[in-house]
1. Closer than 23 Å to residue 182 by Cβ, surrounded by 14 or more Cβ atoms within 10 Å (Cβ to Cβ), in contact with a helix residue (DSSP H, G or I) (Cβ under 8 Å, 6 or more places away or on another chain) and at pLDDT below 75: does that describe residue 350?
2. Considering only the stretch 209-251, how many residues are surrounded by fewer than 19 Cβ atoms within 10 Å (Cβ to Cβ) and either within 24 Å of residue 71 (Cβ to Cβ) or in contact (Cβ under 8 Å) with a residue 60 or more places away in the chain (or both)?
3. Being farther than 19 Å from residue 221 by Cβ and at pLDDT 75 or above is the filter here, so list the residues in the stretch 32-57 that pass it.
4. Return yes or no: is residue 321 buried (at least 18 other Cβ atoms within 10 Å of the Cβ) and at pLDDT 80 or above?
5. Scan (1) at pLDDT below 90; (2) within 22 Å of residue 222 (Cβ to Cβ); (3) surrounded by fewer than 19 Cβ atoms within 10 Å (Cβ to Cβ) for the single condition residue 95 breaks and write down its number.
6. Do you know which of the residues in the stretch 195-233 that are part of a helix (DSSP H, G or I) and over 24 Å from the mean Cα position of the chain (by Cα) is modelled with the highest pLDDT?
7. Here are 148, 136, 159: which of them is in contact (Cβ under 8 Å) with a residue 40 or more places away in the chain and farther than 26 Å from residue 243 by Cβ?
């Protein structure tokens, strides 16, 4: 009897509503609006701007500003990168990826140092090239880098020889050869330095690929710079100590400007930082197309800033090389797929914004015409070109 009463009383107690303290803050339980993220176009444009700025900046310092010490300049870039990566590793999370890398003294000597050697050689050759060749022609020659990487992959036994793939990249080689025949200011020693830089860079990339094939050594570009910059700075510094520093004076540095050299190193380092964000926010397709767009913009910038003569034959050859590069990177099926997507997007854009699409087409035609006319002008109207340059006050020769 008593137990029944307890049951009734208990059930009655449960049924009575009593105030209960909340276990979760209602305000905090509401989902916060997502933080505004930057559009991928921001990272793309930043990378293109920084990459182009480094190349144009180096050309300006080494050639037009008459600072004829490319090895010293490379050493300064690497020393600055070493200092900055050490600071970032201690003050930010950008380099936390290094904590997952099982780096030992043995691995550093057997892997990092040899890769650093080829990295140094590629940087030295690349900077020396600016003393002899135009930025436009250098970018055209760089289109052969995928071919060199492919051959280095076969040569180092990373992949079997594939004649079909070799045929696919042959268009790149043919296009660059045509562009080389069309180069007006061809300097053979500069050509050899650039080819050497491409070969060293290809071997470095294949060695890095072999190192990163193990999950223990996955590194983003900034972490790679953290490990490679110190050894490369030492190697380049020793080289510069024997080849350039004995004939350098403080007057050479003051002539360029300490702030200019500091800004140059900062832009070069920011380029490495931008690559990390670009890889994380975009795809390999975007990277490939951005590289092609950057090369085209650099050719145009070289023509606009320093009036670099580019012949029609060079345009023709470089177009073939770029087409072959895109085909090699993406493949025929992917190109058809993406072309269809672009065509549909372009049609939809035309239906919704017919006036803007018309302006885009007109602008592209006008820009293409002026680029083509600028390329042919030195050959069919050299006197007129000289008069225009004189009216512009020598444009930007020797300074930005």
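1. No, not satisfied.
2. So the count comes out to 19.
3. 41, 56, 57
4. When the stated conditions are applied, residue 321 passes them.
5. (3)
6. 216
7. Testing whether each residue is in contact (Cβ under 8 Å) with a residue 40 or more places away in the chain and farther than 26 Å from residue 243 by Cβ leaves just 136.
The values are calculated or read from the model by the stated rules, or taken from the named source; none is laboratory data. Because the structure is predicted, anything quoted here is derived from the model rather than measured. Cβ coordinates were reconstructed from backbone atoms using ideal geometry, including for glycine residues, and neighbour counts include every protein chain displayed.
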